[in-house]
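Below is one structure; the comments refer to it alone.
The values are calculated or read from the model by the stated rules, or taken from the named source; none is laboratory data. All of these numbers come straight from a predicted model, not from anything done at the bench. Cβ placement follows ideal geometry from the backbone for every residue including glycine, while neighbour counts extend to all protein chains displayed.
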Amino acid sequence: MIEFDHVTRTYGAKTAVTDLSLAIPRGELFALLGPNGAGKTTSIKMLVGLLHPSRGSIRICGHDVVSEPRAAHLHVGYVPDEPCLYDKLTGREFLWFIADMFGIPRHLARSRIDREIECFELGEFADDLSESYSLGMKQRLVFAASLLHDPSVLVLDEPMVGLDPRSVRIVKDLLAARTREGMTVFMSTHTLAMAEEMADRVGIMVRGRLRFLGTVMELREQVALEATSLEQLYLQLTSPHGLRP
Amino acid sequence: MSGRTVPGEAARLLPLEAEARLFLRLRATLVWETVRAMVAGSRLRLSLVAVLSGLFWAALYGLFVEAFSFLEALHADVISLLFNAFFSSLTVMLVFSAGILLYGGMYRSPESRLLLTLPVRAETIFAHKFREAMWFAGWGFVLLGSPMLVAYGMARGAAWPFFLMLLPLMIAFVTIPAALGGICCIALVAWLPRLRLHAFSIAVGVACVTGIWLGWTLLTQPRADAMSAAWFEHTFAHLAFTEQKLLPSWWLASGIIEAARTGRDGRPSAAALGEAFKFLSLLVANSLVLQLLAGWLARVAYRRGYSNLMGEVPARRRRSTGLIDRVLIGSDAAVGRPLRLLIVKDLRLFRRDISQWAQFLIFFGLLGLYFFNLRSFNYHNTYASMIGFLNLAVVGLILSTFTTRFVYPMISLEGRRFWILGLLPVHRDQIVWSKFLFSFIGGLLPCAGLVILSDSMLGLPGRLILLHAYCCLLLCLGLSGIAVGLGARMPELRESSPSKISSGFGGTLCLVLSSLFIMVVVIVAALPTHLFLLARTLGPAVVAPDGLLAWAGGTMGAAASVAAVSVVGLAATAVPLLVGLRAFRRLET
């Protein structure tokens, strides 16, 4: 579903992502971890086509995100770290705009919009202008919008920021259900507990390089320490002094 | 609820027309909601804007009717030259403004970040943003240009086809520089991302130097020469380069002149109308070609340019301490220290916000240029005095827009930082006083300089310069008092956008009160002086035979007007400030 093929991205003289190769199959929930400035957001921006790789290529459902951006975007739902909405549109109008953009037939769009409004409990404020929404409400609306077209790939950049515990639970349940149905999730997060609880595989990036790729269990075996929680393993792996077995 | 389908199966790529329709619908909804919110929430502001725009339009129309009648009678062929000069300079300005607006809209807005992750064509996003930029860049032309062109038609006695053709001519013309601005913007960002600022600065520099050189050579002539035949010939020679047949400005000017032409019987001339249609077609054809070119360029280079910009590493900016900062915070004296520190903080924020000082510089710079060129014309003493007072009013009005836009929101903007200020050992009064002093001193220096420059160029006597400087001092005090006082009385602590704060009810009230205050001060100060000078020029018997007018035009009247102006000025300063201080002390955050 998602293929990073020797992807490198530079910012001037600085290399943000170095030779990233990664394949994420259908139905997998992949969590990308790493300290600030490790290259997680750069990887996500390249995945959704906002940034072009300096070298290498990225494919979503077989479509190159640089040369076939529209075909690739058709399969992607994206929840950015900072939700962007139109202040002067209501939540429902925003959902209609996104549904129309994805060319969803009107009758189907109506039922999908109702489905997402119900799922994310947006009903109470769906017809208010989004300028009056709190950060959590905006984030829930963006989640709803990203799922309207039942994407094959869902890309999440720090998805839980601003969500209350109930909304976090809703999102977690929803991601679990959708991945079971075949949706692939690519998520960047600092919330280690969530990665540990939900991810099929985790990737740990440090200074632009993928230092680890595998399951949490494999990470434990590789680090072979007394450390048992993902937090301790993560701190060991991302320590500025390198791995200390 | 619908059953779940295979991921992505219901989604499909839209044809170009469907994408365009979607964006048109989006724009229509956004405009409708914005207008509805304005009608519901800012009726005062909306009414004011409508009334003032109407008055502005009518005043411009009257002025242009007079100007065209005068030019038609004295120098008939000057109109074509003036149109060409006006439209060609407008072309340059529209290229820049559309380019800048498109840069902000396409590359720096959160909306473009959203749209670029959707399955939509790059050229459709460009078209969406292009319409927005064209509207923002072109509405000024419509507001300024329509009274001029309607007045031209009326002065020439043009028939109805002229008025029907005006709008299509104007729209087709505006589209050409806007598309050029778009092409330059996309090309610069895609292929010269690192040099875009240099390229833009060089282009702006060349345009400014050319404009200033032209202005200088046209206006810095001997005073006795102004408006004479020699003056017109000199002016013609300098502006002749704008009459190039390959320029869209020439097509527009020629189209307008031909459309206004009538036969001897006063009916529209078929030949002239044919010519006008030819120029309209030329404008429309070029506009469409340039839009196609810009759309193609967007398809090829928009996403690449966006990625280039996103890939830029923001430079870390180290800031040094300014001289004024050192003077204000350097002293160890405890007296007024919190006040001084607060002023230094505001000064630093002002200095580091380019949008604030750039606007300040542009408006006061243009005003300075105009005042500097006042020497070029001959004035009768009475009119020189009147122009001096009008200039004082203009300086005050510009200052009032700054106090409303930047000073009024200052207290509200502290709302998000109130937890810092609230924990400091600073009395709330000092926060208000620091804003007042910052506004007063910051306004007084450029305003007093401009007023004195204007009076010197007009050759006014020392007493009048002193009076104008005193009025300027009162205006700065009063305008600062109104803006800071109302800002403290009606703070919007949850709002982070200064433009939204200043465009609300409080901001509008601040602008209205400021304008009224300026009018009262200038009229009360100007009337006795004007009557006094008229009486001295024409004789007291002609102006005010007896009674109140004679008294008002005399020494006692002048003294009374100064006293009245002082009272009004001090009241405008003290009353809002006291109200604001009291409200701010009681404010619960």
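The helices (runs of 4 or more DSSP H) found wholly in region A:140-224 and carrying at least 1 residues that are closer than 19 Å to A:Pro80 by Cα and of a type in the set (S, T, N, Q) occupy A:165-180. Being in contact with a Lys or Arg (Cβ under 6 Å, 6 or more places away or on another chain) and within 9 Å of another protein chain (Cβ to nearest Cβ): is that true of A:Ala71 here? No. The single condition from (1) more than 10 Å from chain A (Cβ to nearest Cβ); (2) closer than 30 Å to A:Leu95 by Cβ; (3) basic (Lys, Arg) that B:Arg21 fails is (1).
Which one is nearest to A:Arg115 (Cα to Cα) among residues in region A:136-173 that are in contact with a strand residue (DSSP E or B) (Cβ under 6 Å, 6 or more places away or on another chain) and of a type in the set (Val, Ile, Thr)? In this case the residue turns out to be A:Val142. Checking each residue in region A:177-199 for being away from every other protein chain (no Cβ under 14 Å), among the hydrophobic types (A, V, I, L, M, F, W, C) and within 13 Å of A:Leu154 (Cβ to Cβ) picks out A:Met187, A:Met198.
A search for C-beta distances below 8 Å between a residue of region B:19-48 that is of a type in the set (Ser, Thr, Tyr) and any residue that is part of a helix (DSSP H, G or I), counting only pairs 6+ apart in sequence or on different chains, returns B:Thr29/A:Glu93; B:Ser42/B:Phe505; B:Ser42/B:Thr508. Exactly one residue among B:Gly311, B:Gly336 is at pLDDT below 80 and at positive phi, and that residue is B:Gly336.
Being surrounded by 19 or more Cβ atoms within 10 Å (Cβ to Cβ), closer than 30 Å to B:Val78 by Cα and more than 14 Å from chain A (Cβ to nearest Cβ): is that true of B:Gly99 here?
no
The residues in region B:505-533 that are surrounded by 20 or more Cβ atoms within 10 Å (Cβ to Cβ) and modelled with pLDDT under 80 can be counted, and the count is 4.
On the stretch given as region A:110-136, residues that are touching an Asp or Glu at 6+ places or on another chain (Cβ under 9 Å), part of a helix (DSSP H, G or I), surrounded by 19 or more Cβ atoms within 10 Å (Cβ to Cβ) and more than 10 Å from chain B (Cβ to nearest Cβ) total 1. Would you check which residues across region B:427-468 are over 25 Å from the mean Cα position of the chain (by Cα), under 17 Å from B:Ala574 (Cβ atoms) and of a type outside the set (A, V, I, L, M, F, W, C) and list them? Once the filter is applied, which keeps residues that are over 25 Å from the mean Cα position of the chain (by Cα), under 17 Å from B:Ala574 (Cβ atoms) and of a type outside the set (A, V, I, L, M, F, W, C), region B:427-468 yields only B:Asp429.
Okay, residues lined up against (1) modelled with pLDDT of 90 or more; (2) of a type outside the set (Lys, Arg); (3) surrounded by 20 or more Cβ atoms within 10 Å (Cβ to Cβ); (4) in contact with a strand residue (DSSP E or B) (Cβ under 9 Å, 6 or more places away or on another chain):
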| site | (1), (2), (3), (4) |
| --- | --- |
| B:Gly140 | no, yes, no, no |
| B:Gly145 | no, yes, yes, no |
| B:Pro161 | no, yes, no, yes |
| B:Pro168 | yes, yes, no, no |
| B:Val174 | yes, yes, yes, no |
| B:Pro177 | yes, yes, yes, no |
| B:Ala187 | yes, yes, no, no |
| B:Arg196 | no, no, yes, no |
| B:Phe200 | no, yes, no, no |
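Restricting region A:95-109 to residues that are at the interface with chain B (Cβ under 10 Å from one of its Cβ atoms) and in contact with a helix residue (DSSP H, G or I) (Cβ under 7 Å, 6 or more places away or on another chain) leaves a set whose member that is farthest from A:Lys138 (Cα to Cα) is A:Ile104.
The lone criterion from (1) touching a Phe, Trp or Tyr at 6+ places or on another chain (Cβ under 9 Å); (2) on the phi < 0 side of the Ramachandran plot left unmet by B:Ala448 is number (1).
One residue alone among A:Pro165, A:Pro159 is over 27 Å from A:Val65 (Cβ atoms) and either more than 21 Å from the chain's Cα centre (by Cα) or more than 10 Å from every other protein chain (Cβ to nearest Cβ) (or both), and that residue is A:Pro165.
Could you say whether any residue in region B:280-293 is of a type in the set (A, V, I, L, M, F, W, C), exposed (fewer than 13 other Cβ atoms within 10 Å of the Cβ), at pLDDT 80 or above and touching a Lys or Arg at 6+ places or on another chain (Cβ under 9 Å)? No, region B:280-293 contains no residue that is of a type in the set (A, V, I, L, M, F, W, C), exposed (fewer than 13 other Cβ atoms within 10 Å of the Cβ), at pLDDT 80 or above and touching a Lys or Arg at 6+ places or on another chain (Cβ under 9 Å). The combined condition, being crowded, with 23+ Cβ neighbours inside 10 Å and closer than 22 Å to B:Thr117 by Cα, is not fulfilled by A:Met160. Would you please name the residue that is farthest from the other protein chains (Cβ to nearest Cβ), looking only at residues in region B:114-170 that are farther than 24 Å from B:Cys185 by Cα and assigned to a loop (DSSP other than H, G, I, E, B)? Top of the filtered list is B:Gly157. Condition first: of a type outside the set (Gly, Ala, Ser), outside any helix (DSSP H, G or I) and surrounded by fewer than 20 Cβ atoms within 10 Å (Cβ to Cβ). Can you find one or more residues in region B:495-503 that meet it? Taking every residue of region B:495-503 in turn, at least one turns out to be of a type outside the set (Gly, Ala, Ser), outside any helix (DSSP H, G or I) and surrounded by fewer than 20 Cβ atoms within 10 Å (Cβ to Cβ). Once region A:74-83 is narrowed to residues that are in contact (Cβ under 8 Å) with a residue 24 or more places away in the chain and within 8 Å of another protein chain (Cβ to nearest Cβ), the residue that is farthest from the chain's Cα centre (by Cα) is A:Leu74.
Against the list (1) touching a Leu at 6+ places or on another chain (Cβ under 9 Å); (2) away from chain B (no Cβ under 11 Å); (3) not aliphatic (A, V, I, L, M), the condition A:Asp64 fails is (1).
Looking only at residues that are in contact with a Gly (Cβ under 6 Å, 6 or more places away or on another chain) and within 14 Å of chain B (Cβ to nearest Cβ) in region A:22-35, which one is surrounded by the fewest Cβ atoms within 10 Å (Cβ to Cβ)? So, considering only residues that are in contact with a Gly (Cβ under 6 Å, 6 or more places away or on another chain) and within 14 Å of chain B (Cβ to nearest Cβ), the one surrounded by the fewest Cβ atoms within 10 Å (Cβ to Cβ) is A:Arg26. Only one of the numbered conditions (1) surrounded by fewer than 16 Cβ atoms within 10 Å (Cβ to Cβ); (2) over 30 Å from B:Ala37 (Cβ atoms); (3) facing another protein chain (nearest Cβ under 9 Å) is violated by A:Asp19, and that is (3).
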